[in-house]
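The values are calculated or read from the model by the stated rules, or taken from the named source; none is laboratory data. All of these numbers come straight from a predicted model, not from anything done at the bench. Please note: Cβ atoms are built from the backbone with ideal geometry, for glycine as well, and neighbour counts cover all protein chains shown. Heads up: the accessible areas ignore ligands, DNA and RNA and are worked out on the full protein's heavy atoms, side chains in. Shrake-Rupley method; radii C 1.70, N 1.55, O 1.52, S 1.80 Å.
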Amino acid sequence: MKKIAIIGSGFSSLSAACYMAQAGYHVTVLEKNKTIGGRARQFERNGFKFDMGPTFYWMPDIFEKFFKDFEKTPEDFYSLSRLDPGYEIYFDQGTRIKQSSDLSKLKETFESIEPGSKEFLDKFLRKAEYNYRVAIDKVVYKPGKSLLELIMPETVSRAPQFLTSLSYTVRKNIQDQKLRQMLEFPVLFLGAKPDKTPSFYRFMNYADMVLGSWHVEGGMIEVIYGMKRLAETLGVEIKTKQTVNEIVVERNKVKGIVVNGNFINTDAVLSGADYHHTETLLPEKYRNYSERYWNRKVFAPSAILFYIGFDKKIQNVSHHTLFFDTSFEEHASNIYDAPDWPEKPLFYASFPSKTDESLCPDGKEGAIILIPSAAGLADHPYVREKYFEQVIERMEKLTNQKLRNHVLFYESYAYSDFMKDYNAYKGNAYGLANILTQTAFLKPKVFNKKLTNLFYTGQLTVPGPGVPTAIISGKIAADCAKSYMKHLS
């Protein structure tokens, strides 16, 4: 039986492992950390449980499609509930809008704020649904080999949407700043400014407002555990505390890998680790891309995260709560235009114990705070402390309650942690920004151009950042690897 070594145990790696094992290969997953999941690990303290990475469960159809490929359903592995509201947003002076899961109510919310916006939202979402179907059914499962993959009647007819930004489309039709930000928010998951994101990506609004936000009972780690159980039933071997030191090349092929100082022979390697890091494991002449190439790429944000245990229940917040009480444009500029720490950042807060009481002790509340930041900034302890105090102060003011004296503990996680734990290039949290020049076939390739049996998966290759896209990326890489292995036999 041919052997496949998969580096990393995040969503893309586990996805690839399942598809390779299903095809009859002996698959070993190698994870450097002591727990699996990559960025989707879980942090526990004193009865509190925190998702360390992804907290939004969007695009449920992608998860369903993945498990269906193995004659399973998500419900075979974890429990889901749709959130209502999907999230809420605080604006300046304490104004807040809840994003109802009932689309008719959401349209009425828009109309009450800006007369005429209901009609625009209806048309906007119809186009977004069409784009979603084109993206999911026709585009995102492509391996990103060439422009020809994108040329089809459905995309050609929408070519202008690749040449205009989402921000332009929204701001041309919506005048209210709050509604503009609600419509621009979803593309932030793609890691780029709305004015740099092609209008075609409005399909994220369909994912947001129509398909909705969901919660996994026990946290996103349960999706990882579900994929792990599936992989193991297919025969995948998963090992933790396995640091890959080198990818060994012989006669223009990968011969094996060095793990914890020991050589392991393998027929192919599929890496879900950071793409740039994976390349450093190779002799320089076998790398796809130079340091200059990576340095010129536009990266999605990194982040400062705080995991906080409160000794009381927090009022006036939803499971997912966005704090947009400062300038959206200024913060975005600090990330992309002139990278620097923002003076007054926007931030996101998750209070999963609002939905799932198993995630914290009775009468208490757990919170996950995320501040997007530019990749590559040094995160000194005083920087983390400064932003923690600021977000607590702003939350107190906006939600009208005392919080600082109710903090039992908090842990921070930022740039240097992403580098240490995930070998993330420049400490990035979300991969490459999905701007036009880094879309589809213009992303780093899923295959090594010089070695026939080395493949890449994850957020730095196709289709891009996000949990659903990472799962798709695993399938794409596995399909490429299977084609190679079939050629061998």
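Would you pick out the residues in the range 250-283 that are open to solvent by 20 Å² or more (accessible area, probe 1.4 Å), touching a residue at least 40 places away in the same chain (Cβ under 8 Å) and under 14 Å from Ala5 (Cβ atoms)?
First, the residues of the range 250-283 that are open to solvent by 20 Å² or more (accessible area, probe 1.4 Å): 250-253, 255, 258, 260-265, 267, 272-273, 276-277, 280, 283.
Imposing the further condition that a residue be touching a residue at least 40 places away in the same chain (Cβ under 8 Å) reduces the set to 252-253, 264-265, 267, 272-273, 276-277.
Lys253, Ile264, Asn265, Asp267, Gly272, Ala273 - these are the residues of the range 250-283 that are open to solvent by 20 Å² or more (accessible area, probe 1.4 Å), touching a residue at least 40 places away in the same chain (Cβ under 8 Å) and under 14 Å from Ala5 (Cβ atoms).
Select from the range 461-484 the residues that are touching a Ser or Thr at 6+ places or on another chain (Cβ under 9 Å) and assigned to a loop (DSSP other than H, G, I, E, B) and list them in ascending order.
Thr461, Val462, Pro463, Gly464
Conditions first: (1) in a helix (DSSP H, G or I); (2) modelled with pLDDT of 95 or more; (3) over 20 Å from Pro468 (Cβ atoms). Gln93 passes all but one, so which condition is the exception?
(2)
Here is a list of conditions, (1) in contact with a strand residue (DSSP E or B) (Cβ under 9 Å, 6 or more places away or on another chain); (2) assigned to a loop (DSSP other than H, G, I, E, B); (3) among the aliphatic types (A, V, I, L, M); (4) without any contact (Cβ under 8 Å) to a residue 40 or more places away in the chain, and Ala429 meets all of them except one; can you say which number that is?
If we test Ala429 against (1) in contact with a strand residue (DSSP E or B) (Cβ under 9 Å, 6 or more places away or on another chain); (2) assigned to a loop (DSSP other than H, G, I, E, B); (3) among the aliphatic types (A, V, I, L, M); (4) without any contact (Cβ under 8 Å) to a residue 40 or more places away in the chain, just (4) comes out false.
Note down all Cβ pairs under 9 Å where the first residue falls in the range 104-119 and is open to solvent by 40 Å² or more (accessible area, probe 1.4 Å), the second is of a type in the set (Phe, Trp, Tyr) and modelled with pLDDT of 95 or more, and they're at least six residues apart or on different chains.
Partner pairs satisfying both residue conditions: Lys118/Phe110.
Is the range 40-60 home to any residue that is in contact with a Leu (Cβ under 9 Å, 6 or more places away or on another chain) and either closer than 30 Å to Lys486 by Cα or in a helix (DSSP H, G or I) (or both)?
Looking through the range 40-60, at least one residue is in contact with a Leu (Cβ under 9 Å, 6 or more places away or on another chain) and either closer than 30 Å to Lys486 by Cα or in a helix (DSSP H, G or I) (or both).
Quick check: is even one residue across the range 192-215 free of Cβ contacts under 8 Å to residues at least 60 places away in the same chain and small (Gly, Ala, Ser)?
Within the range 192-215 (the criterion being free of Cβ contacts under 8 Å to residues at least 60 places away in the same chain and small (Gly, Ala, Ser)), the answer is yes, since at least one residue qualifies.
If Ile472 passes every condition in (1) touching a helix residue (DSSP H, G or I) at 6+ places or on another chain (Cβ under 9 Å); (2) surrounded by fewer than 20 Cβ atoms within 10 Å (Cβ to Cβ); (3) farther than 30 Å from Glu250 by Cβ but one, which one does it miss?
Every listed condition holds for Ile472 apart from (2).
Is at least one residue of the range 66-83 free of Cβ contacts under 8 Å to residues at least 12 places away in the same chain, surrounded by fewer than 24 Cβ atoms within 10 Å (Cβ to Cβ), in a helix (DSSP H, G or I) and of a type in the set (D, E, K, R)?
Start the filter on the range 66-83 by keeping residues that are free of Cβ contacts under 8 Å to residues at least 12 places away in the same chain, which leaves 68, 71, 73, 75.
With surrounded by fewer than 24 Cβ atoms within 10 Å (Cβ to Cβ) added as a condition, the list becomes 68, 71, 73, 75.
Pick out the ones that are also in a helix (DSSP H, G or I) and you get 68, 75.
Imposing the further condition that a residue be of a type in the set (D, E, K, R) reduces the set to 68, 75.
So far as the range 66-83 goes, yes, one or more of its residues are free of Cβ contacts under 8 Å to residues at least 12 places away in the same chain, surrounded by fewer than 24 Cβ atoms within 10 Å (Cβ to Cβ), in a helix (DSSP H, G or I) and of a type in the set (D, E, K, R).
Taking the range 17-57, which residues are open to solvent by 10 Å² or more (accessible area, probe 1.4 Å) and under 23 Å from Phe185 (Cα atoms)?
Arg39, Asp51, Met52, Gly53, Pro54, Thr55, Phe56
Please give the number of the condition Lys364 fails out of (1) over 21 Å from Met220 (Cα atoms); (2) over 26 Å from the mean Cα position of the chain (by Cα).
(1)
If you scan the range 270-329, which residues turn out to be farther than 18 Å from Gly376 by Cβ, β-branched (Val, Ile, Thr) and in contact with a helix residue (DSSP H, G or I) (Cβ under 9 Å, 6 or more places away or on another chain)?
Matches in the range 270-329: Ile308, Ile314, Val317, Thr321, Thr326.
May I ask you to say which residue of Ser104, Ser13 is under 23 Å from the mean Cα position of the chain (by Cα), more than 26 Å from Leu346 (Cβ to Cβ) and not hydrophobic (A, V, I, L, M, F, W, C)?
Details: Ser104 fails: under 23 Å from the mean Cα position of the chain (by Cα).
On inspection, the qualifying residue turns out to be Ser13.
So, of the residues in the range 282-311 that are assigned to a loop (DSSP other than H, G, I, E, B), at pLDDT 95 or above and touching a strand residue (DSSP E or B) at 6+ places or on another chain (Cβ under 7 Å), which turns out to be nearest to His215 (Cα to Cα)?
Looking only at the range 282-311, we keep the residues that are assigned to a loop (DSSP other than H, G, I, E, B), and these are 282-283, 287-290, 297-298, 300-301, 311.
Narrowing further to those that are at pLDDT 95 or above: 282-283, 287-290, 311.
Among the residues that remain, those that are also touching a strand residue (DSSP E or B) at 6+ places or on another chain (Cβ under 7 Å) are: 282-283, 311.
Values: Leu282: 40, Pro283: 43, Asp311: 23 Å.
The extreme case among them is Asp311.
On the basis of being closer than 30 Å to Glu44 by Cβ, of a type outside the set (Gly, Ala, Ser) and not in a helix (DSSP H, G or I), does Leu451 make the cut?
Numbers: closer than 30 Å to Glu44 by Cβ: no; of a type outside the set (Gly, Ala, Ser): yes; not in a helix (DSSP H, G or I): yes.
Considered against the rule, which asks whether it is closer than 30 Å to Glu44 by Cβ, of a type outside the set (Gly, Ala, Ser) and not in a helix (DSSP H, G or I), Leu451 comes out as no.
Which helices (runs of 4 or more DSSP H) sit wholly inside the range 113-211 and have at least 1 residues that are under 19 Å from the mean Cα position of the chain (by Cα)?
Numbers: elements: 117-134, 153-156, 160-163, 166-173, 177-184, 203-206.
Answer list for the range 113-211: 117-134, 177-184, 203-206.
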